[in-house]
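Remarks on the structure that follows.
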Amino acid sequence: MAELAQGLKLFADFKVDCVVICGVAGGARGSSQVTYDVDVCYSRDSDNLVRLADALRSVNATLRGAPKDLPFLLDEETPRHELNFTFDTDIGSIDILGEVQGVGNYEECLKDSNEFELFDIPCRVISLEKLITAKRSAGRPRDLLALPELEAILEHQRKTGIEEP
Amino acid sequence: MDKLEYTEAERWLIEPKPGTAAARARDFGVDLSLTVSNLRMTPAERVKRLDDFQHEMRRLRQAVLLAKQNGRTRSGTKAVR
């Protein structure tokens with residue numbers, strides 16, 4: 001099992017309430033852009049923060065790009081004090097967001113999401129419309145690069161009335 | 001190789017009308033035939049392909065790193081450092 005699958009399985013195994021966003025969501029929606037990490041928007045419900053921290057500790061998550069000697073304690077208090085984190089883990093890169101720019105928190109993402117079976121794991125995936133909103137709002141070069149194709153896919157769905165298989 | 005047959009709906013992307021998002025994407029450099037091939041799959045198949053590709057890229061990267069560590073490429077020439 002490769003990294004994207006393992007990342008999604010991790011959240012499912014620990015019953016973490018989250019919505020898949022960014023590259024994997026774009027891929028699920030038909031984008032041909034490549035991604036190397038799993039990004040999710042997580043629920044900030046107290047019980048969920050405990051499950052999230054347990055999940056991340058189980059794969060030895062460390063802050064990506066931070067000095068190795070930087071003291072970092074990963075427990076449920078960690079995401080309580082900050083929203084967004086990027087991690088290196090034993091199963092690859094995982095980014096967790098408490099809020100998605102232009103869209104909002106987990107509940108907002110969940111409202112505009114669909115459930116897909118990815119690797120036989122039921123996953124909530126953010127809608128194409130909200131993914132476009134998020135990428136436009138983030139405005140980083142890599143987000144802007146992904147936009148034309150996502151907008152073309154959305155237009156295609158609207159014009160042809162073809163929904164996801 | 002057989003010529004790919006596109007449905008009418010797929011031609012929205014393959015032969016986009018001026019002023020559409022598809023035309024902008026094509027002009028931006030997006031290969032919309034790849035997009036069409038993705039859209040023919042289910043979301044699960046798309047993410048599986050993404051995962052397979054990522055896995056192969058990682059293997060390739062590791063092979064290149066190994067070759068650099070050994071100081072030579074497979075062709076026998078000195079690796080670029």
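Every read-out reported here was derived from the displayed coordinates using simple, explicitly stated rules and does not represent laboratory data. As the structure is a computational prediction, the values presented were derived from the model and not from experiment. Note that each Cβ is placed from the backbone with ideal geometry, even for glycine, and that neighbours are counted across all protein chains shown.
Per residue of B:30-38, other chain Cβ atoms within 10 Å of the residue Cβ number 5 on average.
If Lys and Arg each add +1 and Asp and Glu each add -1, what is the summed charge of the other residues whose beta carbon sits under 9 Å from the beta carbon of A:PRO148? Walk me through the intermediate numbers first.
Numbers: positive: B:ARG24, B:ARG26; negative: A:GLU149, A:GLU151, B:ASP27.
That sum, taken over residues with Cβ under 9 Å, equals -1.
Karplus-based coupling profile of segment A:110-120, in residue order and whole Hz: 4, 4, 10, 9, 10, 8, 10, 8, 10, 6, 6, with θ = phi - 60° in 6.51 cos²θ - 1.76 cosθ + 1.60 and x standing for Gly or Pro.
Loop-located GluC sites (Glu not before Pro) in segment B:1-42 (DSSP state not H, G, I, E or B) with no more than 16 neighbouring Cβ atoms inside 10 Å: B:GLU5. Axis of helix A:3-13 versus longest Cα principal axis of chain A: the two differ by about 70°, to the nearest ten degrees. Remark: segment A:1-131 carries a charge dipole of roughly 180 debye about the Cα centre, counting +1 on each Lys and Arg Cβ and -1 on each Asp and Glu Cβ.
Take the alpha carbon atoms of segment B:1-48, find their center, do the same for segment A:1-70, and report the distance between the two centers in whole angstrom. When both Cα centres are located, 29 Å separates them. The Cα atoms of segment A:1-44 give a gyration tensor whose axes a ≥ b ≥ c have a/c of 1.5 or more with a/b no greater than b/c, which makes the shape oblate. Simple point charges give the picture: +1 on the Cβ of Lys and Arg, -1 on the Cβ of Asp and Glu, and for the protein assembly as shown a dipole about the Cα centre of about 1340 debye.
Each Cα pair under 8 Å and six or more residues apart adds its separation to the average, and for chain A the resulting relative contact order is 25 percent.
Shielding by partners for peptide A:24-30, expressed as the average number of C-beta atoms from other protein chains within 10 Å of each residue's C-beta, is 6. Principal-axis analysis of the Cα atoms of chain A puts helix A:141-160 at an angle of about 40° to the longest axis. The loop-placed trypsin sites (Lys or Arg not before Pro) in segment A:57-110, going by DSSP, that have at most 11 neighbouring Cβ atoms within 10 Å of their Cβ come out as A:LYS68. When the Cα gyration tensor is reduced to axis lengths a ≥ b ≥ c, the ratio a/c is 1.5 or higher for chain A, and with a/b above b/c it is classed as prolate.
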